[in-house]
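Report on one structure; see the data block that follows.
The values are calculated or read from the model by the stated rules, or taken from the named source; none is laboratory data. On a predicted model such as this, the values are computed, not experimentally measured, just so you know. No Cβ is skipped: glycine too gets one built from the backbone with ideal geometry, and neighbour counts run over all protein chains shown. Each accessible area value is taken on the protein alone, full model and side chains, heavy atoms only, with ligands, DNA and RNA left out. Shrake-Rupley method; radii C 1.70, N 1.55, O 1.52, S 1.80 Å.
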Amino acid sequence: MQILRTPDERFRDLPDYPFEPSYVEVAAGDGSDGTLRAHYVDEGDGGSGETVLLMHGEPSWSYLYRHMIPVLAGAGHRCVAPDLIGFGRSDKPAARSDYTYQRHVDWMREALFDRLDLSRITLVCQDWGGLIGLRLVAEHPDRFARVVVANTFLPTGDEEPGKAFLDWREFSQTTPDLRVGDIVDLGCRSDLSREVKAAYDAPFPDDSFKAGARQFPMLVPVSSDDPAGGPNREAWRVLGRFDKPFLCAFGDEDPITRGLDRIFRERVPGTRGQDHVTVTGGGHFLQEDRGRELAATVNRFIGSGTGPDGGL
């Protein structure tokens, strides 16, 4: 496995991102003894006893959560925001074949549980952060206190994906220049500044660093025989019994995931009785459009009295 590492200078003086980097090593998973360096932000003293795990998706990185982390940490919570392998300050295998859905789950499991030993987790997940994070919830429900799903889903390939996703997948495979900053900008209702778009481009000095970003859309199960279909069906079976607090906070202007919160509310017992939120003016990247508002929602959710010490 050829591994690329974005130079540190690419991450200097990014707007509103003062966080010191932290790293763990995870097995590359290519049958060798090689490892990959996974980056994560770790902020807040955790005085509340709560850990908020902030998982990004495609093609963003932990920079997406920069407006939420201070609000959450200010409430006394420990905030852990990893960069998925292939993104942000994490290492980037150079071949698209190095990336599979299962490997992404394995890499994050090792980083978050085997290395960081996180527990009492409030998961906040968006886009691929949900496709990976919800698999981890299903595998290790005892590590999680509650879940917030925001503009995400957990597909099995048994239903047709929407046109908006298929259009995005086609674009991601055919555009000669995958301009990450512009893609994030298009997925927001607010207009990102040139400096912020450059921050989203920072992990990718050139196209050779974008194998993970190019491959992600092709890993979403769109047919019933997809390799991830079986594991995701099993995850849904577990989520169908998951009765810990489970909140939906979806943007009202995301063409890809709008309305998919209904599936979680129908199938996950923990959604019952929760004050689910529709984030007005929230596009696909609602952390950009309404980050502080979403963080305040998470703080209220954690403080609502439900959780491992609140009657469950």
Taking interchain pairs and intrachain pairs at least six residues apart, which have beta carbon atoms under 6 angstrom, with the first residue in the range 243-272 and in contact (Cβ under 8 Å) with a residue 40 or more places away in the chain and among the acidic types (Asp, Glu) and the second open to solvent by 10 Å² or more (accessible area, probe 1.4 Å) and in a loop (DSSP other than H, G, I, E, B)?
-> Glu253/Arg189; Asp254/His284
Selected residue [open to solvent by less than 10 Å² (accessible area, probe 1.4 Å) and among the polar types (S, T, N, Q)] from Ser90, Ser48 | Ser90
Of all residues in the range 1-15, how many are surrounded by 14 or more Cβ atoms within 10 Å (Cβ to Cβ) and more than 22 Å from Ala213 (Cβ to Cβ)?
-> 0
Confirm whether Asp191 is of a type in the set (D, E, K, R) and closer than 27 Å to Ala235 by Cβ.
-> no
Taking helices (runs of 4 or more DSSP H) that do not extend beyond the range 204-289, which have at least 3 residues that are within 19 Å of the chain's Cα centre (by Cα) and closer than 20 Å to Leu64 by Cβ?
-> 211-219
Filter the range 156-188 for residues that are among the basic types (Lys, Arg) and modelled with pLDDT of 95 or more and give the result.
-> Arg179
Where residues in the range 114-131 are of a type in the set (A, V, I, L, M) and touching a Leu at 6+ places or on another chain (Cβ under 7 Å), which of them is surrounded by the fewest Cβ atoms within 10 Å (Cβ to Cβ)?
-> Leu118
